[in-house]
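Colleague: Once you've had a glance at the structure underneath, I'll fire off some questions.
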Amino acid sequence: MSRRQELDVIVVGAGVAGSATALALVRAGFGVTLVETRSPMEWRADDEVDPRVVALAPDSASLLDELGVWSSVLDARASAYRRMRVWDALAPGALTFDAADRGEAALGWIVENRLLQHVLWRTLNASSASGNPARLLCPAEVVAIDNDHEGVAVALADGTRLRTRLLIAADGAASPMRRRLGIGTRDRDYGQRAIVAHVGTERSHEATAWQRFQPGGPLAFLPLADGRSSIVWSRPDEDAARLLALDDSAFRAELGCAFDFRLGAIVSASPRHAFPLRLRLAERHVAGRCVLIGDAAHAVHPLAGQGLNLGLRDVRCLVTLLTHAKQRGGDPGAAHVLRRYERERRSENTLAAHSLDLIERSFGSKAMPLAAARGLALSLVDRIGPLKHLLGDAAAGRL
Ligand SMILES: Cc1cc2nc3c(=O)[nH]c(=O)nc-3n(C[C@H](O)[C@H](O)[C@H](O)COP(=O)(O)OP(=O)(O)OC[C@H]3O[C@@H](n4cnc5c(N)ncnc54)[C@H](O)[C@@H]3O)c2cc1C
């Protein structure tokens with residue numbers, strides 16, 4: 001049996017970008033239906049720290065604060081980092097950002113993906129229980145869409161049929177919605193995998209996010225609240241496979257060496273996980289009454305921890321535009337509203353993706369003249385106060 005309903009907004013995908021969008025729209029008085037294929041995993045304080053952590057910039061924290069979930073994240077488990085230190089394995093020179101120089105308490109926070117999703121879902125569930133118009137359909141999968149001038153018809157795998165004035169696709173880098181909408185992508189396969197694990201080190205992480213650029217890919221150590229560091233080690237596919245196959249002590253020895261023993265020896269390591277790395281930029285962010293946000297619109301190299309931060313900037317921009325349209329009594333799915341979102345976000349997302357790509361290409365090279373130029377560039381930026389401040393503002397989402 002099929003049912004047909006007219007809805008304000010359907011959000012497809014309840015990762016952090018989709019859940020934050022749904023919550024923000026509910027708060028702005030929209031009727032929201034959130035469709036997700038997999039139930040989010042529970043988060044418990046006595047569980048091992050989720051292997052997937054993200055470095056959240058201050059503007060992302062502000063958005064989560066406005067949604068009323070940030071204090072729950074901080075109370076549960078998050079780690080503020082106060083310094084960031086970047087250097088090159090092949091050249092002298094380093095770049096250091098310090099929150100104190102900027103008159104701030106932190107440059108950002110390391111937070112578990114699972115915790116973010118859990119807190120957003122819990123708050124959405126509470127909103128729907130208290131009568132706000134949020135509906136979670138999970139497990140549920142969109143199997144067909146028909147996008148016309150008046151609205152979008154959506155068919156779910158269980159036969160449910162829905163109709164909405166606006167569909168927001170937040171279904172991740174592989175985005176089945178993007179493919180259904182016929183939106184192409186520009187891709188670059190980095191031929192790398194990011195190995196992630198949580199490691200104990202001989203010396204304290206000093207509440208610092210560390211990044212060492214090496215030929216083949218960068219290595220980051222991100223400070224966790226329990227004193228360990230979460231590593232993101234990008235390596236060419238073959239070398240990543242070799243590193244994943246090493247036994248624990250051989251892996252720790254290689255990791256310590258690759259990190260120049262900055263924090264002394266690596267004394268423990270959790271199980272390793274690996275993620276293939278690929279740049280993927282959607283050619284458009286909008287098709288008719290459908291709009292892409294988060295990784296569905298742009299998947300970038302993790303070297304500067306920008307992926308989710310860009311996604312949350314999409315959320316803020318889109319929700320602001322939709323809310324203004326609603327307040328003026330207009331149609332939130334109208335072409336001019338969505339075009340404005342595309343104009344504002346596509347340029348920033350494209351610039352960020354290409355800048356990260358350029359950094360990956362130039363810092364991944366072994367060529368000595370390039371390595372010397374990189375070392376010089378790091379030292380110069382470190383010494384030129386205004387430029388350094390500008391870069392700090394960009395990373396914090398304040399430009
Ligand atoms: C190693 C690594 C380190 C990273 N570090 C950082 C960092 O430090 N800082 C940072 O900002 N970013 C970082 N990122 C990027 C960040 O993890 C992603 O940008 C972010 O998780 C994307 O969130 P999203 O909600 O857009 O997509 P996703 O998290 O992929 O969520 C998509 C959701 O859609 C659902 N879905 C898929 N298809 C369907 C369908 N047909 N119907 C319904 N639901 C569907 C999925 O089940 C999923 O729940 C890192 C990434 C990697 C790989």
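The values are calculated or read from the model by the stated rules, or taken from the named source; none is laboratory data. Nothing here was measured: the structure is a model prediction, and the numbers come from that model. Every residue, glycine among them, receives a Cβ derived from its backbone with ideal geometry; neighbour counts consider all protein chains shown. All accessible areas refer to the heavy atoms of the entire protein, side chains included, with ligands and DNA or RNA removed. Shrake-Rupley method; radii C 1.70, N 1.55, O 1.52, S 1.80 Å.
This table checks each residue for (1) small (Gly, Ala, Ser); (2) over 16 Å from GLN306 (Cβ atoms).
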residue	(1), (2)
VAL54	no, no
ALA61	yes, no
LEU74	no, yes
ARG77	no, yes
TRP87	no, yes
GLY103	yes, yes
LEU115	no, yes
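Colleague: State the number of residues belonging to the stretch 164-199 that are more than 25 Å from ASP237 (Cα to Cα), in a strand (DSSP E or B) and more than 10 Å from the ligand (Cβ to nearest atom). Write out each step before concluding.
Modeller: Of the residues in the stretch 164-199, the ones more than 25 Å from ASP237 (Cα to Cα) are 164-171, 176-184.
Still in the list and also in a strand (DSSP E or B): 164-169.
Going one step further and asking which of them are more than 10 Å from the ligand (Cβ to nearest atom), we end up with 164-168.
Qualifying residue count, the stretch 164-199: 5.
Colleague: If ALA94 satisfies all but one of (1) within 16 Å of the ligand (Cβ to nearest atom); (2) surrounded by fewer than 17 Cβ atoms within 10 Å (Cβ to Cβ), what's the number of the condition it fails?
Modeller: (1)
Colleague: Further question: Kindly evaluate SER229 against the criterion of being farther than 30 Å from ARG178 by Cβ, of a type in the set (S, T, N, Q), within 16 Å of the ligand (Cβ to nearest atom) and touching a Leu at 6+ places or on another chain (Cβ under 7 Å).
Modeller: Working: farther than 30 Å from ARG178 by Cβ: yes; of a type in the set (S, T, N, Q): yes; within 16 Å of the ligand (Cβ to nearest atom): yes; touching a Leu at 6+ places or on another chain (Cβ under 7 Å): yes.
Yes.
Colleague: Within the stretch 202-223, does at least one residue satisfy the condition of being over 25 Å from LEU23 (Cβ atoms), within 15 Å of the ligand (Cβ to nearest atom) and open to solvent by 30 Å² or more (accessible area, probe 1.4 Å)?
Modeller: No, the stretch 202-223 contains no residue that is over 25 Å from LEU23 (Cβ atoms), within 15 Å of the ligand (Cβ to nearest atom) and open to solvent by 30 Å² or more (accessible area, probe 1.4 Å).
Colleague: Are there any pairs, at least 6 apart or on different chains, whose C-beta atoms fall under 7 Å, with the first in the stretch 180-203 and free of Cβ contacts under 8 Å to residues at least 40 places away in the same chain and the second of a type outside the set (Phe, Trp, Tyr), and if so, which?
Modeller: Qualifying pairs under 7 Å: ARG180/ILE145.
Colleague: Residues in the stretch 135-183 that are more than 14 Å from GLY288 (Cα to Cα) and acidic (Asp, Glu): how many?
Modeller: 3
Let's see how each residue does on (1) in contact with a helix residue (DSSP H, G or I) (Cβ under 9 Å, 6 or more places away or on another chain); (2) in the same structural domain as ALA296 (by TED's automatic domain parsing); (3) not in a strand (DSSP E or B); (4) not β-branched (Val, Ile, Thr):
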site	(1), (2), (3), (4)
THR123	yes, yes, yes, no
SER128	yes, yes, yes, yes
ASP146	no, yes, no, yes
ALA153	no, yes, no, yes
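Colleague: Right, another one. Suppose we filter the stretch 97-121 for residues that are assigned to a helix (DSSP H, G or I), away from the ligand (no atom under 16 Å from the Cβ) and of a type outside the set (A, V, I, L, M, F, W, C); how many remain? If you could, list the steps in order and put the result at the bottom.
Modeller: Taking the stretch 97-121 and keeping what is assigned to a helix (DSSP H, G or I), we get 99-102, 113-121.
Imposing the further condition that a residue be away from the ligand (no atom under 16 Å from the Cβ) reduces the set to 99-102.
Still in the running and of a type outside the set (A, V, I, L, M, F, W, C): 101-102.
Of the residues in the stretch 97-121, 2 are assigned to a helix (DSSP H, G or I), away from the ligand (no atom under 16 Å from the Cβ) and of a type outside the set (A, V, I, L, M, F, W, C).
Colleague: OK, next. What do you reckon, is TRP87 assigned to a strand (DSSP E or B), more than 14 Å from the ligand (Cβ to nearest atom) and among the aromatic types (Phe, Trp, Tyr)? Let's see the steps before the verdict.
Modeller: On the way: assigned to a strand (DSSP E or B): yes; more than 14 Å from the ligand (Cβ to nearest atom): yes; among the aromatic types (Phe, Trp, Tyr): yes.
For TRP87, the condition - assigned to a strand (DSSP E or B), more than 14 Å from the ligand (Cβ to nearest atom) and among the aromatic types (Phe, Trp, Tyr) - is met.
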